[in-house]
Structures are given as C-alpha cells and as structure tokens.
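A.B. asks: Below is one structure. I have some questions about it.
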Amino acid sequence: MIDRIAAIAAGSLSAAAPLLPAALGGLLTARAGSLTVALEGSMLAGAFAAAAVANAAAPALAAAGAAAAGGAAVAAMALVAAALAGMILALLVGACAELLGADVFVAGLAANLLAPGAASMISQALYGTKGVLVAEALRAPAIWPAGFAEIPLLGRALFGQGWILYLLAFAAMILVFILDKSVFGLRIKAAGEDPEISRAAGIDPRIYRIAAHLVAGAAAGLSGAFLASQVAAFVPGISAGRGWIALVAVYLGGRKAGGVALSCLGFGFLIAASNALQGGSSASSGAALLSALPYVATAIALIAWRRAARGAHGARGDRWRI
Amino acid sequence: MKARGRAEALVSRYLAIGAALSLAALYAALASSEPLSAIRSFFVAPFGSAYAVLDFIESAAPLLACAVGASVAFRAGAFNLGGEGQAAAGAFAAALATAAFSGSASGPAIGPAGAGGSALNPLLVIALAVLAAAAAGAALAALSAAAEAWSGAEVLLTSFLFSQAAIIAVDWAVGGPLKDPASNLLAMKAIPLAYRFARFAPPAPLSAAAPLALGLALLAAWVQKATRTGYELKLLGRNAAFARASGIDSRLRGRALVASGALFGVGGSLVALGAAGRAFVGMTGGVGWNGLAAALVAGSDALGAIPASLFFAWLDAGARQSSMLSDLSPDSAAAIKAIALFLITARVSAARISAARIGAAPMRRGRRP
C-alpha cells in the first residue's frame, strides 16, 4: 500500500513537472493580455532541440571517453538549445501578433502546426531520420544518495527523480518570482490591463507582450526537454497535448500562480492515478480506457469551477475569464 | 468600398499563399541534392496525370468536410478545438454502423451485398453510416455547447479535452474489443467494398466522397451568405454583446458548434468509408487539425474552404511525392501550411489594423478569425 502511494506521488510529480513551467509561462502571456496557445509547439520544439543537440554531441562525447563532466555539459547545452527553440517559435507568434497585428490565437495554432513539420524537416536534413532521435546524454541520473529514495511515502517522489525535474521546479520558482514579485512582471501586467496607461508611463506594451511570449516559449521549451529526457530520445508527437493541458491549467488557476501550480499538480495526480489503476493490465483490457480519465476529470473540474464562479458572481462568470 | 476591401483581403491572402509556396520551393532547392527534380516532384507531380489529380482531389474530401466544420464554428465565435476527436468519433460510428447494418459483422469480410443475410441496400447503409458519424461528432460537440450554456466553461478548452478523451476511447475500442482477430493491424474488420464510397470510374480513385464534401461546403456557404441564421451567426462571432443587444439568441452559437461537430464527424466517416476502408487506431491522422488550419487560411469562410482544402491536399500530395522521388521530408507540407497561416493572419490583420487607425474597427480583443 505504502509502495503504491509512493509510486503515485512520484508519478504525480513527474507528470506535473513538464506542465508547470509551461503553464506559468502561459499565465505570464495571459497577464500581458496576449494569451499564447503555442505552448504545445514550443514544448515539441524544445524536446526536439534538446535531443538534436544531445544526439549530435554523442560521438564527440564517446571519443573523449565520456567523462561525467562532459555528459553534464552536453545536457546543459541541450537544455539551453531547448529553451532557445521554444523562444524562437514564441518570437514568431509574439512578433506576428504584436508587430504585424496577427490574431494571437491563429498565430499560436500556426506555431503548433509548424513545430512538428519543422522538426521532421530538420531531422531529415541533418540526421537522416524523421522518426525517433536517440539522445542518451539526456538520461538524467538521480542526484541524491540512493538511500534517500527509500524513505517511505515521499522519498521516491522527492529524491528519486532525475535532476532535470529539479531544474524545472527551480524554473517554476523563477517564473513565480517574475509573475508576482518583479518589476518586469508588474509592467507585463500593466501592458495587459491597460495598454494606454502603460504607454503613457513610457512602457511600450507591445515590447512587454513579446517579452512575455519569449519567457513562455523558453519555459515550454524546458518542459519539452524534460519530456525528451524521460525517454532519452525525441519521438514525433512527444508533447502529446501537454501544452494544451498547460493552457487549461492557466484557465483553471484563475490568473494566480498558486492556482495554476495547483491545477498542474492535480492533473499530474490524475495521470499518475490512472496509470496506477491500470496497473499491469494489457492495452486491450477495459482498464486502458482509464487513460481518458485525466481529460474527462479536468473538463468536469473546469465546468464545475465555472458554474460555482457564476453562482458566486451572479453573472456569466466573466470575472474568471482570461 | 466594402467590395474593394474584400478584394484587397483576397489579394493579400493569395499573396501570402504565394509567398509560402516560394519558401517551399526555396526549401526544396536548398535541402535536396537534386533541386530541380525535387521541385518538380513537389509542385508538378500532383498534376502529372489524371490519376494523380483525382487522387489528391479525393484526399481533399475529408479535409474539406472538416474545414467547413471549423469555419461554421469559428465564424460564430465558437472555438471548436475538438475536431480531431469529433472526426475520430465519426469514423468509428460510421464503421460501427456499416458493421451493424450490412450484416458483415458475422458474414465474410469482403463480399457482395446480401452476403450476411439481413443486409440492407448498400446505398442506404452508407447513408446511415454517414448520419451516424454526423450524430457522433455532433454529440461530442454538444457536450461542450451544453457545458458553456450551463456554466460558461470555455468551448476552446472543453472541446479539446472531450476530444482527447474520445480519441483514447475510440483507439481503445478499435484496437481492443472490436479488433479484427484475423488481422495483425490494430483495426476493425475491413468494411466490405460494396459499403464504401464507390469509385465512379475505377481505377480512378474519385468517389462520391468528394461531391458529398463539396455539397456540404456549398450548403454551409449558402447558410453563411444568404440566410438570416448565417447573418446572425456572423454577428455573434464578430461581437457577442452587440448581437445579444440586437435580440439574437446566443444559444445559436451552441447550435453552430453542434453543426460543426457533425461536419467533423462526416469528415471522419469519409476517411473510414473512403480510401482507408476500415476503422484503425489513429485513423484520423490529423485531419481535424488540418481542417481547422484550412478553415483559418480561408478566413472561416465555407466557400473559401474549398480552395483551401484543395491547396492543403495538393501540398500533402506534393510532399509525399517529393519524399518518394527525392530526399525531402514528407512533413514539409505541415511547415508550409503553417507558414501560409502565419503570413495570412499577419497580412489580413494588417489590413484590419489600418482600418482600426481611422476608427472603423476595434483594434484589440474580440477580433477573432
């Protein structure tokens, strides 16, 4: 029983981890008044860039005798590449929306269409494969002494994970700081809430909106690198709708960083619980249907939440809309 | 004045598509070791023979039904992002309906009509299958419409979430309990040839799927352009508050969403009853998302969805051809579609913004495709 709880706790964290930075980045763009739907694309771009760098560096690493320090350097480079790839895609969306007057929603959808196509094209041109891109260097080892993960209940969740998960947690903390404690975050909020006044105060709202897109893209790119590190490879379709789930978390969280984080954890728990309930049963048994549970439960939570908000405010719940 | 603005928007749309194609040619020239043959196989090969042309027209049919579905929802301001799941539900329902009504569930997999004993007329079965597909897609969209009416939950999110759940459920059913035990594929039993969309002049691949999708597009275009409902839906999409103040029932948007789901469902049925000829795991293969992109390229206009779908199908065919005949990636089509979408949303809105500067239209918020 205790083992089972430990497994679900660990699974919840590793399922929630890639959602968290992406969703907080999404929240930043929501505050800027330019909510991005390109998180899915940035995640996929990040996963591909991380795997591409790790894959390209692998022969050099092997030649150098695969020193541990070399492996860490490659992983660091892969993470930087992932953040940059996410940012490039986000820059396309942000610049189109803010400088060329494109609809941010349509531009975001275009980015989500572009990312898999471009990844496949680059993969074909540089690596000669449009399928799986192996990246062993991304396999993140655990960093704590082995005994820590044996601690009952939460040991495995807190100490049994690869180091990229802790990096994502750190990135999430930085994002919360940007959102709620920094001048930059305040200006982004001003750009979103009242562009006229922020312009009068000498702040060009467009610049801050684009900056919000860039931060969101970098965060989603890191999330994507984590996904690639989990399987030590890039696989087409690896983001599998997680960018959209991060977007749902932005809405569910009611514009608050804490709420968004809680939504991500809730979704992570649903994924872990549905995996645990399926146990080792085969894919064709009824238990496989439980994979749909996180989506249905999230939809129900959203509907109930909106209904409750409408009851509390009398009106159509517009207060909660982003 | 209005006509001139529309003409300008149209011109900028085609300029954007032309620019995307030039980029595609540039990519083909740079990435391939044999640029000329790559460019030829990409752009010309889909028109290389009557067979090739009919083939890509046929493959445009499911895409067109989905694009019309997306345009119906978008124009009314309902952000239906569940097209992929609605198409999967439709394809699944069509396969189930054919199995149930053709008597093939127990009979031989491929055989003449009537082989299963209680079989109905094939045409009737196909009609019932398409209707079942429409009902399945509509039911899935209706969940989101009802949720919005009851609680105000965003269609954008619920449609996506319900769609993901539907895809998982359909894939589970098709690859699990309903899997054809005689086959190695994760698929249901093949639909008997008599119950698929028949080819008009075999071996040419053109079937009744293409005229059906075309008819749906024309019908939707007629509703959008010539009926009061179409006008009210457009107002709802442009400015919901104004529409409500003018006495337009905002539940109309929910109905547009349900109609959109039905069209996506039909699009899915065209996959199962058309070229694929069976329901298999992952059968929709992005047709919902591509239909959505085609609708956006067409500015949420059902009539414009016809050339947009043909354009997308041509790109797909070209990318397929060039990946077979040269060393280009078959996914280059997706990137070109995305670039066209970027260019179109930027250019069209640039025209709108210059209108906004002189006070003709609201600049931010509320302006949607």
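The values are calculated or read from the model by the stated rules, or taken from the named source; none is laboratory data. None of the values given here were measured: they were computed from a predicted structure. A quick note on method: Cβ atoms are made from the backbone with ideal geometry, for glycine too, and the neighbour counts reach across all protein chains shown.
A.B. asks: Testing A:Arg31 on (1) under 21 Å from A:Ala261 (Cβ atoms); (2) within 14 Å of chain B (Cβ to nearest Cβ); (3) among the charged types (D, E, K, R), one condition comes back false. Which one is that?
C.D. replies: Result: A:Arg31 fails condition (2) only.
A.B. asks: Given the options B:Ala241, B:Ala294, name the one that is more than 14 Å from the chain's Cα centre (by Cα), in a helix (DSSP H, G or I) and within 14 Å of chain A (Cβ to nearest Cβ).
C.D. replies: Being more than 14 Å from the chain's Cα centre (by Cα), in a helix (DSSP H, G or I) and within 14 Å of chain A (Cβ to nearest Cβ) holds for just one of B:Ala241, B:Ala294, which is B:Ala241.
A.B. asks: If you don't mind, there's one more thing I want to ask. Would you pick out the residues in the stretch B:297-330 that are more than 18 Å from the chain's Cα centre (by Cα), of a type outside the set (A, V, I, L, M, F, W, C) and within 11 Å of another protein chain (Cβ to nearest Cβ)?
C.D. replies: The initial filter retains those residues of the stretch B:297-330 that are more than 18 Å from the chain's Cα centre (by Cα), namely B:318-330.
Applying the additional criterion that residues be of a type outside the set (A, V, I, L, M, F, W, C) yields B:318, B:320-323, B:326-327, B:329-330.
B:Ser323, B:Asp327, B:Ser329, B:Pro330, listed by residue number.
A.B. asks: So, one more: Kindly check whether there is at least one residue in the stretch B:41-53 that is without any contact (Cβ under 8 Å) to a residue 60 or more places away in the chain, among the polar types (S, T, N, Q) and not in a helix (DSSP H, G or I).
C.D. replies: Among the residues of the stretch B:41-53, at least one is without any contact (Cβ under 8 Å) to a residue 60 or more places away in the chain, among the polar types (S, T, N, Q) and not in a helix (DSSP H, G or I), which makes the answer yes.
A.B. asks: Pairs needed: first member in the stretch B:319-335, closer than 15 Å to A:Gly128 by Cα; second member anywhere, of a type in the set (Asp, Glu) and part of a helix (DSSP H, G or I); C-beta distance under 9 Å; at least 6 residues apart or different chains.
C.D. replies: B:Pro330/B:Asp316
A.B. asks: Sort through B:Ala149, B:Ala187, B:Ala142, B:Ala138 and tell me the only one that's farther than 16 Å from B:Arg278 by Cβ, over 20 Å from the mean Cα position of the chain (by Cα) and more than 10 Å from chain A (Cβ to nearest Cβ).
C.D. replies: B:Ala149
A.B. asks: Please state which of the following conditions B:Phe197 fails to meet, knowing it meets all the rest: (1) under 20 Å from the mean Cα position of the chain (by Cα); (2) in a loop (DSSP other than H, G, I, E, B); (3) within 12 Å of chain A (Cβ to nearest Cβ).
C.D. replies: (3)
A.B. asks: Here is a list of conditions, (1) outside any helix (DSSP H, G or I); (2) surrounded by 17 or more Cβ atoms within 10 Å (Cβ to Cβ); (3) within 14 Å of chain B (Cβ to nearest Cβ), and A:Ile238 meets all of them except one; can you say which number that is?
C.D. replies: For A:Ile238, the failing item is (3).
A.B. asks: Please pick out the residue among B:Val170, B:Val174 that is in contact (Cβ under 8 Å) with a residue 40 or more places away in the chain, more than 9 Å from chain A (Cβ to nearest Cβ) and either under 18 Å from B:Arg75 (Cα atoms) or under 19 Å from the mean Cα position of the chain (by Cα) (or both).
C.D. replies: Of the residues listed, the single one that is in contact (Cβ under 8 Å) with a residue 40 or more places away in the chain, more than 9 Å from chain A (Cβ to nearest Cβ) and either under 18 Å from B:Arg75 (Cα atoms) or under 19 Å from the mean Cα position of the chain (by Cα) (or both) is B:Val170.
A.B. asks: A further question on this structure: Just give me the residues in the stretch A:194-207 being more than 14 Å from every other protein chain (Cβ to nearest Cβ) and either closer than 24 Å to A:Leu39 by Cα or not β-branched (Val, Ile, Thr) (or both), in sequence order.
C.D. replies: Once the filter is applied, which keeps residues that are more than 14 Å from every other protein chain (Cβ to nearest Cβ) and either closer than 24 Å to A:Leu39 by Cα or not β-branched (Val, Ile, Thr) (or both), the stretch A:194-207 yields A:Ala200, A:Ala201, A:Gly202, A:Asp204, A:Ile207.
A.B. asks: Filter the stretch B:152-161 for residues that are at the interface with chain A (Cβ under 7 Å from one of its Cβ atoms) and crowded, with 24+ Cβ neighbours inside 10 Å; which is nearest to the chain's Cα centre (by Cα)?
C.D. replies: Here the residue is B:Phe160.
A.B. asks: Filter the stretch A:247-278 down to residues that are more than 13 Å from chain B (Cβ to nearest Cβ), part of a helix (DSSP H, G or I) and more than 18 Å from A:Ser14 (Cα to Cα), then give me how many there are.
C.D. replies: Residues that pass the stated criteria total 3.
A.B. asks: Has the stretch B:166-178 got any residue that is buried (at least 17 other Cβ atoms within 10 Å of the Cβ), at pLDDT below 85 and within 30 Å of A:Ile300 (Cβ to Cβ)?
C.D. replies: Yes, the stretch B:166-178 contains a residue that is buried (at least 17 other Cβ atoms within 10 Å of the Cβ), at pLDDT below 85 and within 30 Å of A:Ile300 (Cβ to Cβ).
A.B. asks: Give me the residue from the stretch A:97-119 that is of a type outside the set (A, V, I, L, M, F, W, C) and within 7 Å of chain B (Cβ to nearest Cβ) and, out of that set, surrounded by the most Cβ atoms within 10 Å (Cβ to Cβ). Give the derivation first.
C.D. replies: So the first thing to find is which residues in the stretch A:97-119 are of a type outside the set (A, V, I, L, M, F, W, C), and the list is A:98, A:101, A:103, A:108, A:112, A:116-117.
Then drop every residue that is not within 7 Å of chain B (Cβ to nearest Cβ), which leaves A:101, A:103, A:116-117.
Numbers: A:Gly101: 21, A:Asp103: 20, A:Pro116: 23, A:Gly117: 21.
The extreme case among them is A:Pro116.
A.B. asks: A further question follows. May I ask you to say which residue of B:Leu212, B:Leu233 is out of contact with any strand residue (DSSP E or B) (no Cβ under 8 Å at 6 or more places or on another chain), within 26 Å of B:Ala52 (Cα to Cα) and assigned to a helix (DSSP H, G or I)? Let's see the steps before the verdict.
C.D. replies: Details: B:Leu233 fails: within 26 Å of B:Ala52 (Cα to Cα).
One residue alone meets the criteria, B:Leu212.
A.B. asks: When you go through (1) over 15 Å from the mean Cα position of the chain (by Cα); (2) in contact (Cβ under 8 Å) with a residue 12 or more places away in the chain; (3) more than 30 Å from B:Lys179 (Cα to Cα) one by one for B:Gly247, which number turns out not to apply?
C.D. replies: Among (1) over 15 Å from the mean Cα position of the chain (by Cα); (2) in contact (Cβ under 8 Å) with a residue 12 or more places away in the chain; (3) more than 30 Å from B:Lys179 (Cα to Cα), the lone unmet condition for B:Gly247 is (2).
A.B. asks: So which residues in the stretch B:177-234 are farther than 22 Å from B:Ser59 by Cβ and among the basic types (Lys, Arg), if there are any at all?
C.D. replies: Correct list: B:Lys179, B:Lys189, B:Lys225, B:Arg228, B:Lys234.
A.B. asks: Which of the following residues is surrounded by fewer than 16 Cβ atoms within 10 Å (Cβ to Cβ) and either more than 22 Å from A:Ala9 (Cβ to Cβ) or not aliphatic (A, V, I, L, M) (or both): A:Phe170, A:Phe184?
C.D. replies: On the way: A:Phe184 fails: surrounded by fewer than 16 Cβ atoms within 10 Å (Cβ to Cβ).
The conditions single out A:Phe170.
A.B. asks: Only one residue in B:Ala262, B:Ala220, B:Ala241 is more than 28 Å from B:Ser163 (Cβ to Cβ) and touching a Gly at 6+ places or on another chain (Cβ under 9 Å). Which one?
C.D. replies: B:Ala241
A.B. asks: Next question. Check whether at least one residue in the stretch A:69-81 is within 24 Å of A:Leu252 (Cβ to Cβ) and more than 19 Å from the chain's Cα centre (by Cα), and report yes or no.
C.D. replies: No, the conditions are met nowhere in the stretch A:69-81.
A.B. asks: Let me ask something additional. Here are some conditions: (1) closer than 24 Å to A:Gly101 by Cα; (2) touching a Pro at 6+ places or on another chain (Cβ under 9 Å); (3) buried (at least 24 other Cβ atoms within 10 Å of the Cβ). A:Leu227 meets all but one. Which one does it not meet?
C.D. replies: Condition not satisfied by A:Leu227: (1).
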